[in-house]
Structure formats: structure tokens, C-alpha cells
Amino acid sequence: MCEKSCPVSAVNSKEKTVDNERCIECFRCINECRLKGIKYGIKPKSEVKFNIKRRETVKFAFAVMLFASCVKIGSLFLAENIKKIKEIIVPPGAKNAQRMLDKCLNCNLCINSCPNKILSKANDKFGAVHIDYTNGKKYCDYDCNRCSNICPSGAIKKLNMEEKQNTRIAMASIDETCLNCGNCINECPKGAIKKLEGKVVIDGTKCIGCAKCYSVCPKGAIKMFSIKEQETI
């Protein structure tokens, strides 16, 4: 019953295991189990008893040292993660990288539903689902909003097609190696790219960061950049 009730097939009743990476914590399995055979949480460790008075001085000194070390390590860790977050591009409707990190359950339903396979699982770079345009020069399909419709946690806000097509998730930029071939002009769904005085340029007010131009550039002259906050254009 627990296996049948799981919407993401995370329960294996035969092996009596739950795939916690896939689990979205909906608790349907717990509600279905009449014998309370599934529980949620961490099994408590056995209590360790010791004489506080005898160790009070040592513990205090150790606590001070540990606190100082944690502050230093924590500051370095925070700075490094802030830097990584600034480089992250998240799906349309996620708003920003920090919100995605806070709300994403890593159920990977959006990854499985993405037709162009641009979504990447959580990794050492970012602890939640995010967009990776570099893997095979892929792009976000202009006429697709599947990820926002399937997200169970609200990490990716539901967007209708019009809202999705007008949500800026990144920005494209063209460098000096451009061949002026015009491939990107023909492929841009927003008409944000044109030739001006013989050079290909991007209108930043129209670009939504879908990376369709990036995917067709033969020279690799187009680069994709993250933005601090998604916006409607």
C-alpha cells in the first residue's frame, strides 16, 4: 500500500527501503500504513551520561575554541556559497537561486519532465535543481512550462504559457568572436537579436535568457549569464 501510494516511486516494499533522494516528504506512505511500519525522522542515539561537574572547565574551554573555529569556517563557507549562488540559473518561476535552494525538495520530477534536459540535479556547485546550459548547448523551450506545472513544493512557481514566455531567467551576451552569421537572429523567439551597422547585437530589454541563440552559435561567441532575480518583461 505504501509503495502504491508514493507519487514518485520512492518506496520499495519488497526491499523495505525508501529512496530519500527521490522522496518529496508528502507522507502518503505513512498515512496508508495501518501498522505504522513507516516512520519519519532520525533514530535517536543512545544517551551518553557523564559527570558535568568534573568536565565543566574542559568543556567550556573546548566550546570557546570550537565556536571560534566554527565562526571562521562558517564565514568562509558562506562567502564561497554566495559566490556559487550568484552563478546559478534557475528554472522559470523559481524567482532566484536562494529561494530555489530553500524550497526545492530535490524530487527531480522537473528534471524527468524537461523535454530538452537542461535541468541538472543538486551537486557540489548548488544544492538544488538548476539549469545547466553547458551540457550539449541546450536551451529552455520557449513553448514549454512543464517544470512549473509539476513541481510539488512550489519551488518553481506555476506559470501559464504567457507568463513563462515573458519571464527573464538569464541574459545572453555576444563577444568579439561573433561571425555575424545571423543564426541567432533567426532563432531568437523574442526578436531580441538584430544586426546594427553590420554587427549582431542583443536587445537586453527583450532577452529572456532561454539560450536558444547560444545553442545555435557555431563559434561559441554567445555566453549565458545568471541574474540576481527573475523578472517579467
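For region 87-129, with all protein chains in place and a probe radius of 1.4 Å, 47% of the accessible heavy-atom surface sits on carbon or sulfur. Using the Karplus relation 6.51 cos²θ - 1.76 cosθ + 1.60 with θ = phi - 60°, the per-residue 3J(HN,Hα) values for region 136-141 come to x, 6, 8, 9, 7, 4 Hz, with x marking Gly and Pro. Under the rule a/c < 1.5 gives rounded, and otherwise a/b versus b/c splits prolate from oblate, where does region 1-43 land using the Cα gyration tensor? Taking the square roots of the gyration eigenvalues as a ≥ b ≥ c, region 1-43 is rounded. Applying 1/(1 + (r/R0)^6) with R0 = 45 Å to the Cβ-Cβ distance of Ile38 and Asn96 gives a FRET efficiency near 0.85.
For the set Tyr40, Tyr142, solvent exposure ranked by accessible area (probe 1.4 Å, protein chains only) runs largest to smallest as Tyr40, Tyr142. Ser173 versus Lys137, label points 7 Å from Cα toward the beta carbon: distance in nm? Reported label-point gap for Ser173 and Lys137 is 2.0 nm.
Taking a Cβ cut-off of under 11 Å around Glu229, the surrounding Lys, Arg, Asp and Glu residues balance to a net charge of +3, with basic ones at +1 and acidic ones at -1. Pairs exceeding a 31 Å alpha-carbon distance, out of Lys39/Lys103; Lys117/Lys157; Lys36/Lys164; Lys14/Lys95: Lys36/Lys164; Lys14/Lys95. Taking all protein chains into account, the per residue accessible area for region 86-233 stands at 51 Å² (1.4 Å probe). Lys190 contributes about 50 Å² of solvent-accessible surface, heavy atoms of the protein only, 1.4 Å probe. In this label model, Ile233 and Asn180 are separated by 2.4 nm, measuring between points 7 Å along each Cα→Cβ vector. Ranked by solvent-accessible area (1.4 Å probe, protein heavy atoms only, all chains present), the residues Leu159, Leu105, Leu35 order from largest to smallest as Leu35, Leu105, Leu159. The H on the amide N of Ala155, modeled in the peptide plane, is under 5 Å from the matching H of no residue at least 5 residues off or on a different chain.
The values are calculated or read from the model by the stated rules, or taken from the named source; none is laboratory data. Computed from a predicted model, the values in this text were never measured in an experiment. Counting neighbours? That spans all protein chains shown, and the Cβs are built from the backbone with ideal geometry, glycine included. Just the protein is used for accessible areas: all its heavy atoms, side chains included, with ligands, DNA and RNA removed. Shrake-Rupley method; radii C 1.70, N 1.55, O 1.52, S 1.80 Å.
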